[in-house]
Amino acid sequence: MKCIIVDDEPLAREAMELLVGEMPELELAGTFHSAMSAAGFIKENEVDLIFTDIQMPQVTGIEFVRMIPDSMMFIFTKD
């Protein structure tokens with residue numbers, strides 16, 4: 001399952017990367033500091049699962065999830 005991580009905090013992204021790396025069924029396709037950079041990526045790439053922070057500047061995780069296709073799964077994270 002291809003996944004991405006979206007979080008404005010670098011340490012939170014690194015921690016999520018470590019956790020995803022421990023799960024052989026997940027393939028990390030990318031990490032992003034903002035919802036807008038992730039949105040551009042998912043337009044061009046196949047993604048099954050998104051780990052996203054709720055509180056981010058400009059576009060929150062909740063707003064971001066409303067923008068993505070219904071076929072993608074998501075998990076909210078909080079640092």
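Points worth noting:
So that you can scan it fast, the table gives a plain yes or no per residue for (1) more than 10 Å from C3 (Cα to Cα); (2) surrounded by 12 or more Cβ atoms within 10 Å (Cβ to Cβ); (3) out of contact with any Phe, Trp or Tyr (no Cβ under 9 Å at 6 or more places or on another chain):
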site	(1), (2), (3)
G21	yes, no, yes
A29	no, yes, no
A35	yes, yes, no
N45	yes, no, yes
L49	no, yes, no
P57	yes, no, yes
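- In the range 22-51, the residues that are among the aliphatic types (A, V, I, L, M) and in a loop (DSSP other than H, G, I, E, B): M23, L26, V47
- For the range 6-19, the set of residues classified as within 10 Å of the chain's Cα centre (by Cα) and surrounded by fewer than 17 Cβ atoms within 10 Å (Cβ to Cβ) is empty.
Residue-by-condition table, conditions (1) in contact (Cβ under 8 Å) with a residue 12 or more places away in the chain; (2) over 21 Å from L11 (Cα atoms); (3) not hydrophobic (A, V, I, L, M, F, W, C):
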site	(1), (2), (3)
L28	yes, no, no
S34	yes, no, yes
E44	no, yes, yes
D48	yes, yes, yes
D53	yes, no, yes
V59	yes, no, no
F64	yes, no, no
M67	yes, yes, no
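- Test for M1: is it touching a residue at least 40 places away in the same chain (Cβ under 8 Å) and out of contact with any His (no Cβ under 6 Å at 6 or more places or on another chain): yes
- Test: residue in the range 53-73 that is among the aromatic types (F, W, Y) and part of a strand (DSSP E or B): no
A short reminder: the numbers here are calculations on the coordinates, not readings from a lab. No experiment lies behind these values; they were computed from the predicted model shown. A quick note on method: Cβ atoms are made from the backbone with ideal geometry, for glycine too, and the neighbour counts reach across all protein chains shown.
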